[in-house]
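The block underneath contains the structure these notes are about, expressed in structure tokens.
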Amino acid sequence: MALSTAEIAAQLSSLLGPTAVIADAGDMAPYLNEPRKRFHTPAAAIVRPADVAQVQAVVRWANAQGIGLIPQGGNTGLVGAQVPLRGDEVIVSLQRLDKVRAIDIAAGTMTAEAGVILENAHKAAEAEGAMFPLWLASQGSARIGGVLSSNAGGVNVLAFGNARELCMGVEAVLADGRLYQGLTSLKKDNTGYDLKDLLVGAEGTLGIITAATLKIFPQPEDHETALVSVASPDMALELFQLLRARAGSRLNAFELIPQIGLEFQLRHGMLTRDPTAGPSPWYALVELSRMKGTEPGALEAALEAGLEQGLLETAAMAQSAADRTNMWAFREQMSEVQSREGASIKHDVSVPIAAIPQLIAEGSAAAERVMPGIRPVPFGHMGDGNIHFNFSQPIGADPKWVMAQDDAVHEAIYEIVLKLGGSFSAEHGIGQLKVDLLKRIKDPVALEMMHAIKTALDPKGILNPGKMLG
């Protein structure tokens, strides 16, 4: 017989102590209210283990009882992987596992627990003269475990890769409560399957990550940052190719932003001042790192070469830290500002970099056919092919009417993405939002392999049940 929610809370309190269990509906709300407010299913309880041994105890208990567990970090995920699907699950918050265990400058590694806030990981590395280069808009609340479980990307993927590429090893609790001790700082270890890569990006369906060994890098002496005015995505693509050829791995970011994004933020008072050099159909936010011992001016010289070739119209160079902060605020507030313009339909897609202009042109036209007057707001990581192809509602439209038609817009965009050889989920993951889409679009052999791995590692299906694979 299934346990009642009261019995679940009582048994967990007996296991971990009453202060580690949250059962009151009001107190549970912060763990259930995910950023996009799409999912509203309650949980049976929240547990907040204090250490790895307590995580193991919870998992052993859940495996014996057949109760689903949902690992949760900072609750910043955008596809509902970190919140309930059925209503009888227990959320396992990793927030109390928040220690940076070690930093090894010689090896270029930092070992951090799953509950370490990403911004605190940045500060810990910086205190030792190093840098952890994973940067997200939600870095003040996102936590290492969730960042790895979702294989987060961010703005520095171009130079440093996504979360998987920045992770050397993980420690994780498996579905039967055993501890996989895979923390390592070895750059070379060909002793079998890379089990770390199974767990990173698995959204908590194969194990609960409790700690990770992360790559850190020497701090740059400075950054050279500019907001470049470009006529079109095609011109932006050519400019990107020029900058990559001249700067190589020093090119940290190349972010594409449309004029409408600037209009939105100025209208809603989200920018203290216009960070651009003037009106333009498109902007590229470009940043180079300058390492110690190198001369400044590389970005300005590269942009002058682009100007001579007709690839850009003008550029605003950051002259201070405040300028750089304002420019990055412009980029990082793009998602938030759309909520102030009414209903929005969003896509986290990737295509080969050379296909980005075609994606934007064809996708904008296709969405207009579905919903006349819809406003395209495509922006994001042009340097790695990941565009957040978003749309804001037609001016004056009823938001409920707009969202009732979002499936038709999704289908139009995904058809073009797949035609171009892209992915319908570039960095946000699958969660519960895109389960049906994965089933329909993913290669059947790949799906069979994924199900086989899930069955082998979690035969009772207690880890994040229903997410990713359904």
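Of all the listed residues (Phe379, Phe389), the sole one being closer than 20 Å to Leu433 by Cα and not assigned by TED's automatic domain parsing to the domain that holds Leu227 is Phe389. Quick one: which of Val286, Val351 is crowded, with 23+ Cβ neighbours inside 10 Å, in contact (Cβ under 8 Å) with a residue 60 or more places away in the chain, out of contact with any strand residue (DSSP E or B) (no Cβ under 7 Å at 6 or more places or on another chain) and more than 25 Å from Ile395 (Cα to Cα)? Selected residue: Val351, the only one of Val286, Val351 that is crowded, with 23+ Cβ neighbours inside 10 Å, in contact (Cβ under 8 Å) with a residue 60 or more places away in the chain, out of contact with any strand residue (DSSP E or B) (no Cβ under 7 Å at 6 or more places or on another chain) and more than 25 Å from Ile395 (Cα to Cα).
Give me the residue from the stretch 248-270 that is modelled with pLDDT under 95 and surrounded by fewer than 19 Cβ atoms within 10 Å (Cβ to Cβ) and, out of that set, farthest from Gln333 (Cα to Cα). Taking the candidates together, the pick is Gly248.
Taken over the stretch 378-423, the criterion of being exposed (fewer than 14 other Cβ atoms within 10 Å of the Cβ), under 24 Å from Ser350 (Cβ atoms) and among the small types (Gly, Ala, Ser) is satisfied by Gly421 alone. Among residues of the stretch 396-421 that are at positive phi, those with a beta-carbon under 7 Å from a residue that is surrounded by 19 or more Cβ atoms within 10 Å (Cβ to Cβ) and not small (Gly, Ala, Ser) at least six positions away or on a different chain give the pairs Gly421/Val351. The residue pairs whose first member lies in the stretch 178-189 and is not assigned by TED's automatic domain parsing to the domain that holds Gln54, whose second member is buried (at least 17 other Cβ atoms within 10 Å of the Cβ) and of a type in the set (Gly, Ala, Ser), and whose beta carbons are closer than 6 Å, counting only pairs six or more residues apart or on different chains, are Tyr180/Ala172; Gly182/Gly169; Leu183/Gly169; Thr184/Gly169.
For the stretch 422-450, a residue qualifies if it is free of Cβ contacts under 8 Å to residues at least 12 places away in the same chain and not β-branched (Val, Ile, Thr), and the qualifying residues are Arg440, Lys442, Asp443, Pro444, Ala446, Glu448, Met449.
Within the stretch 111-123, no residue that is over 17 Å from Ala152 (Cα atoms) sits with its Cβ atom under 8 Å from a residue that is modelled with pLDDT under 95 at 6+ positions apart or across chains.
Residues that are charged (D, E, K, R) and part of a helix (DSSP H, G or I) within the stretch 321-351 comprise Asp323, Arg324, Arg331, Glu332, Glu336, Arg340, Glu341, listed in sequence order.
Selection of the stretch 206-221 for residues being in contact with a helix residue (DSSP H, G or I) (Cβ under 6 Å, 6 or more places away or on another chain) and among the hydroxyl-bearing types (Ser, Thr, Tyr) yields only Thr210. Within the stretch 1-42, if we keep just the residues that are hydroxyl-bearing (Ser, Thr, Tyr) and out of contact with any Gly (no Cβ under 8 Å at 6 or more places or on another chain), the residue that is farthest from Asp88 (Cα to Cα) turns out to be Thr19. Taken over the stretch 221-243, the criterion of being in contact (Cβ under 8 Å) with a residue 12 or more places away in the chain and farther than 29 Å from Glu341 by Cα is satisfied by Glu221, Asp222, His223, Glu224, Glu238, Leu239, Phe240, Leu242, Leu243. Suppose the filter is part of a helix (DSSP H, G or I) and basic (Lys, Arg); does Arg60 pass it? Criteria met by Arg60.
Across the stretch 309-328, the number of residues qualifying as surrounded by fewer than 17 Cβ atoms within 10 Å (Cβ to Cβ) and in contact with a Pro (Cβ under 8 Å, 6 or more places away or on another chain) comes to 0. Considering the stretch 42-58, and only residues there that are under 26 Å from the mean Cα position of the chain (by Cα) and β-branched (Val, Ile, Thr), the residue that is surrounded by the fewest Cβ atoms within 10 Å (Cβ to Cβ) turns out to be Val52.
Scanning the stretch 392-446 for residues that are of a type in the set (A, V, I, L, M), under 23 Å from Ser364 (Cα atoms) and assigned to a helix (DSSP H, G or I) yields Val402, Met403, Ala404, Ala408, Val409, Ala412, Ile413, Ile416, Val417, Leu418, Leu437, Ile441.
Let's see how each residue does on (1) of a type outside the set (D, E, K, R); (2) within 30 Å of Arg273 (Cα to Cα); (3) touching a Gly at 6+ places or on another chain (Cβ under 7 Å):
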position	(1), (2), (3)
Leu174	yes, no, yes
Asn190	yes, no, no
Tyr193	yes, no, no
Leu199	yes, no, yes
Lys215	no, no, yes
Gln219	yes, yes, yes
His223	yes, yes, no
Asp234	no, yes, no
Leu237	yes, yes, no
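Filtering the stretch 1-42 to residues that are among the hydroxyl-bearing types (Ser, Thr, Tyr), assigned to a helix (DSSP H, G or I) and under 26 Å from Ala142 (Cβ atoms) leaves Thr19, Tyr31.
Pairing residues of the stretch 79-105 that are in contact (Cβ under 8 Å) with a residue 12 or more places away in the chain with residues that are surrounded by fewer than 16 Cβ atoms within 10 Å (Cβ to Cβ) and of a type in the set (Ser, Thr, Tyr), at Cβ distances under 6 Å and at least 6 apart in sequence or on separate chains, gives Pro84/Thr41; Gly87/Thr41.
Conditions (1) polar (S, T, N, Q); (2) assigned to a helix (DSSP H, G or I), marked per residue:
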residue: Arg244; (1), (2): no, yes
residue: Ala247; (1), (2): no, yes
residue: Leu256; (1), (2): no, no
residue: Phe264; (1), (2): no, yes
residue: Gly269; (1), (2): no, no
residue: Gly278; (1), (2): no, no
residue: Val286; (1), (2): no, no
residue: Ala315; (1), (2): no, no
residue: Gln319; (1), (2): yes, no
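Restricting attention to the stretch 6-41, the residues that are surrounded by fewer than 18 Cβ atoms within 10 Å (Cβ to Cβ), farther than 25 Å from Ser339 by Cβ and touching a residue at least 60 places away in the same chain (Cβ under 8 Å) add up to 0.
The values are calculated or read from the model by the stated rules, or taken from the named source; none is laboratory data. Keep in mind it's a predicted model, so treat the numbers as computed, not measured. Methodologically, a virtual Cβ is constructed for each residue, glycine included, from the backbone with ideal geometry; neighbour enumeration extends over all protein chains shown.
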